[in-house]
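Questions regarding the structure given below will be posed in turn.
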């Protein structure tokens with residue numbers, strides 16, 4: 001498949017609402033694979049939404065398989081919808097479309113997401129912790145919402161990294 005260019009903040013397409021798929025076809029599967037391949041080419045990305053590569057369709061990929069504490073994924077989702085949420089957690093988020101910035105964002109502690117998988121089969125994902133955060137973050141992209149819109153405080157990633165290195 002193809003590695004696609006990730007659009008960055010300031011690109012007006014990132015602020016637009018994505019259209020749902022009527023059915024999962026080869027073109028949808030190709031987009032999911034391109035999203036996954038593009039995500040895997042990044043150094044630290046754990047999720048990617050179609051608008052981030054210039055496609056206004058409701059498709060995301062999430063991959064926490066490298067998480068040492070709780071590996072999950074990869075998930076390739078069409079038309080994901082949060083159908084239930086509970087609790088609250090604040091997590092420091094970053095975004096491939098907003099390089100160099102981090103922010104503290106309040107998200108649900110637990111979510112239930114319904115979607116179609118790459119074969120068009122309806123699936124339900126019950127997520128908590130980091131997976132819940134990443135799913136919420138990527139689904140926000142489908143509605144033109146960026147983490148900086150929800151952040152209570154923003155940081156330069158370089159400053160945070162320097163502070164963490166100094167504390168070691």
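The values are calculated or read from the model by the stated rules, or taken from the named source; none is laboratory data. These figures come from a predicted structure and were not determined experimentally. All Cβ positions, glycine included, derive from the backbone under ideal geometry; neighbour counts span all protein chains shown.
Restricting to the range 15-35, give me the number of residues that are closer than 17 Å to residue 96 by Cβ and more than 11 Å from the chain's Cα centre (by Cα). Quick ask: steps written out before the conclusion?
Within the range 15-35, the first condition is being closer than 17 Å to residue 96 by Cβ, and the residues that meet it are 15, 18, 31-32, 34-35.
Cutting the leftovers down to more than 11 Å from the chain's Cα centre (by Cα) gives us 15, 18, 31-32, 34.
So the count comes out to 5.
Shifting gears a bit: Just one of the numbered conditions (1) surrounded by 18 or more Cβ atoms within 10 Å (Cβ to Cβ); (2) not in a loop (DSSP other than H, G, I, E, B) is not true of residue 4; which one?
(2)
Sort through 58, 29 and tell me the only one that's under 22 Å from residue 114 (Cβ atoms) and crowded, with 22+ Cβ neighbours inside 10 Å. Show your work before the answer.
Values: 29 fails: crowded, with 22+ Cβ neighbours inside 10 Å.
Residue meeting the stated conditions: 58.
Residue 73: within 16 Å of the chain's Cα centre (by Cα) and either surrounded by fewer than 15 Cβ atoms within 10 Å (Cβ to Cβ) or on the phi > 0 side of the Ramachandran plot (or both), yes or no?
Values: within 16 Å of the chain's Cα centre (by Cα): yes; either surrounded by fewer than 15 Cβ atoms within 10 Å (Cβ to Cβ) or on the phi > 0 side of the Ramachandran plot (or both): yes.
Here the answer is yes, as residue 73 does meet what is asked.
Only one residue in 79, 119 is out of contact with any strand residue (DSSP E or B) (no Cβ under 6 Å at 6 or more places or on another chain), closer than 27 Å to residue 25 by Cβ and either modelled with pLDDT of 95 or more or in a strand (DSSP E or B) (or both), so which one is that? Lay out the reasoning, then the answer.
Numbers: 79 fails: out of contact with any strand residue (DSSP E or B) (no Cβ under 6 Å at 6 or more places or on another chain).
Answer to the check: 119.
Taking the stated definitions as given, is residue 85 more than 15 Å from the chain's Cα centre (by Cα), in a strand (DSSP E or B) and surrounded by 14 or more Cβ atoms within 10 Å (Cβ to Cβ)? First the steps, then the outcome.
Details: more than 15 Å from the chain's Cα centre (by Cα): yes; in a strand (DSSP E or B): yes; surrounded by 14 or more Cβ atoms within 10 Å (Cβ to Cβ): yes.
Considered against the rule, which asks whether it is more than 15 Å from the chain's Cα centre (by Cα), in a strand (DSSP E or B) and surrounded by 14 or more Cβ atoms within 10 Å (Cβ to Cβ), residue 85 comes out as yes.
Kindly indicate the residue of the range 10-26 that is exposed (fewer than 15 other Cβ atoms within 10 Å of the Cβ) and touching a strand residue (DSSP E or B) at 6+ places or on another chain (Cβ under 8 Å) and also farthest from residue 70 (Cα to Cα) among those meeting that condition.
19
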